Every structure is written in C-alpha cells, then in structure tokens.
Amino acid sequence: MKNAFSRSLLASLLLSYSIAPLPNAKAQEEFTPEPENYDPQNPVTLFYHVEKYRFFVNFGTTTRSINAGFQLDGRQTTLDWRRYINQQSGRGNVGLYRGGSNTVRYDNGFVGPNTPPAANSGGAGGYVSSNSQISPHSQGDQNLVGGGTLRSRILSFQTDNFRYLSTLDQRSVNVSDTDIGVGAYFQLGYHIHQIDSLLINFVTGGSFIRTNHSSGNQYVAKLNVTERRTDYTYQYDYLSDSSSPLSIPGVISGPNQVIVTDPSLLFQPPPFGSSNYRPPRQSQKESTSATTRFYALSRADLDVSLNEIPLGFEIGREIGPFDVFLTGGTTVNIINYDLSNTVNWYQAGRSNPVMRQKWRDSGTPVRLGFYSGLTIRLPLKRDGRVLLETRSSYRWVDPVRVSAGIADVEIDPSSWEAGIGIVIILE
C-alpha cells in the first residue's frame, strides 16, 4: 500500500512539472536548441554547414601591384630648327673684279667697269662707302715729273657668308614604375566534393583594381645649331692725281683716279716702278658667331584598369578554429589602358616650349593567367554561416605591350595579391 502511494505521488509530481510554464517569456526566447549532430568540443565548423549549404559567396577588398616598363625612344623625334632661328644671309664670296662690263658689288662698295682714261689699261672705277676702307699704301704720295702728286692708297671691301651646322644627339631612356592598386573582389563558391575531412570547392567571380603610372620628364634629345661666319676681304690699290680733290670715300670715276686691276697694263711705259703696285687680292677668315641650343623632354602617362575573372578550386580542411584552403586556377584578365605621350622641345634660356608633340592610345586587350595561393577563414557567428576571410596569392599574367608616339610600354600585371573579406554560407 505504501509503495503504491509513493508511485502515485511521484507520477503526480512529474505530471505537474511537465505541464508547468517556463519562468518567463524572455527565458523562452533566449533558449536556442542545439543543431543536430552538435559537437560541444568543436561547436562551429565550416565543414558541418557545407553539407547543408552548398553555395557560398565572398566579397571584400583586394590589393595588388602592376608594373609599367617605359621606353622613350628619342631617335623618333626631331626639330625643324630653321623655324626657330633667325638665319642671316650674306653675299658670300663674290670674288675680285677682273675687267669687263660687269660690276662686282660688295657690302660696302663696288668695283668696275673700266672708266676712261684707264679703260682697257688695267684700271676701273667704283665706290667706297667709308673712311674705314681706306688705308695707307707703302708707295705713299709721289711727285710727278712735270708737277703734281700721285696719291696711292689701299681700298678694302668686304662681304660675308653664314653657314648653319646642326648636331642632333638622341637617346633612348628606360624607366620602370610600379603602382599598388586597391579594389574590390566578389566570388561565388560551390561545394563539389568532400573526401573525409578535405573539402573541394569550385570558385569564380571577379575583381577590379586601377593603377596610375608615369615615366616622369625624361631628357631624350638635344640639338645644337652653330652659326659659322666667313668674312671675305678684297683689296685693291688706288691711284689719284692731286690735280683733282680726293673723292674717297665716294664715287671713283673720271680721268684723274683709278682702282688698279692690272698694274702691268696701267703704266705704259711704267713711269716709276709699277712693281710697287699689286694686283687685287683676296683673304678670308672664319669664326663661330653663335650657338643655339635646343633640348627635348618626353613624358608618358599610363592609366590601367584590371578586371579579373578567376576560374579555380579550393581544397582545404579545418585546422583549429580556422578553415584553411589551398587555392589555384586560371584567370581571364581584361586590361583596359589609356596611354599618353608628350615631347616638348625647349630652346635654352626659355621656359616655354618652342614645339610640343602629343600622342594618345587606348585599348582593352585580354590575357589569360594563372593563380595559386592560400585562403584562411574564421567563423564570426556560432552557426558558422558568416566568416572572416583573408587570402594571399600570386597572379601570373602575360604582359601587354602598347605604344603611343615615341613611348613603348610593357604592362605587367603579374604580382602578389592580398585580400580581406566576408564569406556568407547560402542555403
């Protein structure tokens, strides 16, 4: 009887406990049942949820570098210096008067033709422009038999000539510029197989970064233009009779003055040593009167936008609280570039260029590549559906060669890549 009563009391207590309400509603809300197959020693694992969630997405920030190798070929640029130099011109070597009806003109006078009474007798008329052209003669002034004085002088005439010699020095300059770009990435993953504790995922998606590169101003050419001047001097002996006023400087004509062109014909018979008078003579002197210097600076600027589409796999497992994956695969790289090149020619001593050349080129070549790396994920929530991801990999991409103007550029996207982001497990 006692045992029956005890059993009846125990059953009543259990029934009362089973139908009694929880202490309050808040306690009900805070209660979360454990997932099926919950492991209290390892409460959150990606592999547990991958069996339930086949797809996952990840997105975040990525950074990588792009190198641009510039070659600026100064051999492809030149300057038409004749447009920027005030070139002088001279009469050049006009020669000596040798008789006849043609007049030889100099910068400061002329000689010819023969004038009576010296016509056909070794003398000529002419014109002398200034006193600086008149110099003493070794014969001096001589008294003539029968009275009068024969005055002797030396007359000098000048012309000049200008030549312009240019020397162009061109060179090729190689410059490398690396820029680190920061962009975004997005990936979609699919769990395709699991072997024991190893998980195999397929991943694809895309990433975008932008970089800017410059060669800076580079000295690619210099041009020196030298002005070479040749001064020609033409000398003639001059005779005049004191019976007439000395007319030089001025016009030489008439019977009482003459420019000696042939002493052997001037005196017939020679009165007093015609050998003291010389035929016309000529000399010349060369000099460098001026050198003008030009130089060229070239600059190339490059903007690159890299869009990458990966197609690869992840193979990984859980190591402690982390999920570690080896990654690898191929990439499709869409490389958009905008290249500009300028060449500025300067004249020494001037701040503004005398000539500017500018070229531009753009395009969107596509290159295949490969990547290999490591990804580590750490769950942020207890249910394992949201994870923090860090990744690092090496991306190899075939370089692209582009050109504009005198600039050739090799764009090399191959580099190490690093990223950090969030992974969300989808149902």
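The values are calculated or read from the model by the stated rules, or taken from the named source; none is laboratory data. Here the structure is a predicted model, which means the values were calculated and not measured. FYI the Cβ positions are ideal-geometry reconstructions off the backbone, even for glycines, and counts take in every protein chain you see.
Mind listing whichever residues of region 59-118 are part of a loop (DSSP other than H, G, I, E, B) and on the phi > 0 side of the Ramachandran plot?
Within region 59-118, Gly92, Gly95, Gly99, Gly100, Gly112 qualify.
Can you name the residue in region 347-356 that is in contact (Cβ under 8 Å) with a residue 24 or more places away in the chain and surrounded by fewer than 17 Cβ atoms within 10 Å (Cβ to Cβ) and is also farthest from Ile406 (Cα to Cα) among such residues?
Ala348
Could you check region 401-427 and list, in sequence order, the residues that are assigned to a strand (DSSP E or B), surrounded by 19 or more Cβ atoms within 10 Å (Cβ to Cβ) and β-branched (Val, Ile, Thr)?
Val402, Val409, Ile411, Val423, Ile425 - these are the residues of region 401-427 that are assigned to a strand (DSSP E or B), surrounded by 19 or more Cβ atoms within 10 Å (Cβ to Cβ) and β-branched (Val, Ile, Thr).
Are any residues in region 241-264 part of a strand (DSSP E or B) and either more than 22 Å from Ser101 (Cα to Cα) or within 60 Å of the chain's Cα centre (by Cα) (or both), and if so, which ones?
Residue satisfying the conditions is Asp241 alone.
Kindly provide the set of residues from region 172-221 that are without any contact (Cβ under 8 Å) to a residue 24 or more places away in the chain and not in a strand (DSSP E or B), ordered by number.
Asp196
I want to confirm something. Restricting to region 367-395 and keeping residues that are buried (at least 19 other Cβ atoms within 10 Å of the Cβ) and either among the charged types (D, E, K, R) or touching a Cys at 6+ places or on another chain (Cβ under 6 Å) (or both), which single residue is farthest from Asn336 (Cα to Cα)?
Selected residue: Arg385.
Of the residues Ser152, Ser135, which is buried (at least 17 other Cβ atoms within 10 Å of the Cβ), outside any loop (DSSP other than H, G, I, E, B) and touching a strand residue (DSSP E or B) at 6+ places or on another chain (Cβ under 8 Å)?
Of Ser152, Ser135, the one residue that is buried (at least 17 other Cβ atoms within 10 Å of the Cβ), outside any loop (DSSP other than H, G, I, E, B) and touching a strand residue (DSSP E or B) at 6+ places or on another chain (Cβ under 8 Å) is Ser152.
Among the numbered criteria (1) under 31 Å from the mean Cα position of the chain (by Cα); (2) surrounded by 16 or more Cβ atoms within 10 Å (Cβ to Cβ); (3) free of Cβ contacts under 8 Å to residues at least 60 places away in the same chain, which single criterion is violated by Asp169?
Looking at each condition in turn, Asp169 falls short on (2).
In the set Phe313, Phe325, Phe294, which member is touching a Lys or Arg at 6+ places or on another chain (Cβ under 8 Å), modelled with pLDDT of 95 or more and assigned by TED's automatic domain parsing to the domain that holds Gln194?
Step by step, each of Phe313, Phe325, Phe294 is checked, and only Phe325 is touching a Lys or Arg at 6+ places or on another chain (Cβ under 8 Å), modelled with pLDDT of 95 or more and assigned by TED's automatic domain parsing to the domain that holds Gln194.
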